[in-house]
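The structure appears below as structure tokens.
Just so it is clear, none of the values below were taken in a lab; they were calculated from the coordinates. Just so we're clear, the structure is a prediction, and the values are computed from it rather than from any experiment. Note: ideal-geometry Cβ built from the backbone for every residue, glycine included; neighbour counts use all protein chains shown.
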Amino acid sequence: PMLERAIQGEEYYMAVDIAEQRDYNVICVLRANKTESDGMWDFDVVYFERFHQEGLSETAKKIDIALQAFKPNRCVIDQTGQIGNPIMLLIPESDCTVECINLTNNNKQVLIKYLSSALERGELHFLKQGDLEQLVEELKFFQYEFSPETRKYKYGAPEGKNDDTVLAAGLAIYAMKSGASGEIFGEESGKDEFIEKMEDKYHQLDFPDVNIDWGKYDVTEEMNEVGVVV
């Protein structure tokens, strides 16, 4: 999983998505590259590891190895659920800035905003495509789902799919960009600009052979709006 060793003088940012039940633990480290103009970002995925069912102690050990190897400027760790907090207690203290967060639908939206923006602008680079096939696969299926009852959007993978690598990558980009902008996770759960732009493009398309009167349909929980966001 170690795509590269840390280089002295470089800036690194790290994120960990902690597994729950059948999910996977994912450790992602990004290297920030210098750019010529302000407001532009460029970063490489230099460390990427996906694993599960190795026990709390072994998971904490893997996280500590990555922390010691890269000495990231900032590390964001998911502590959602029953697994996050016990693992944090097992990770030795370090000089790195470690931030623990609980992932919710509200702040997942923020993570996807960062990730989708980075992909759209070509800011994120994969040093070794073969080692990141799972991330590419999960990106294809990650979606949002609107619930008419709650009037909120739910972000995640469809039934039978995983989204751990997507969230880890989003967390890593958040760790880097939000540190510079000072942005924190929002409390509202609305549509971000990326989703609105994709929907606008969709509605501008011309479908001459399709004529559906959507007004006669009642949108129920079983028939929600579903859209791929990345």
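Figures for the structure shown
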{"quantity": "Entries of 113/140; 34/71; 34/154; 62/152; 34/161; 62/154 with Cα pairs more than 25 Å apart", "calculated": "34/154; 62/152; 34/161; 62/154"}
{"quantity": "Inter-site label distance for residue 150 and residue 65 at 7 Å from Cα along Cβ, in nm", "calculated": "3.7"}
{"quantity": "For the range 91-149: rounded, prolate or oblate by the Cα gyration tensor [a/c cutoff 1.5]", "calculated": "oblate"}
{"quantity": "Rounded FRET efficiency, nearest 0.05, which uses the C-beta distance separating residue 5 from residue 58 and R0 of 25 Å", "calculated": "0.70"}
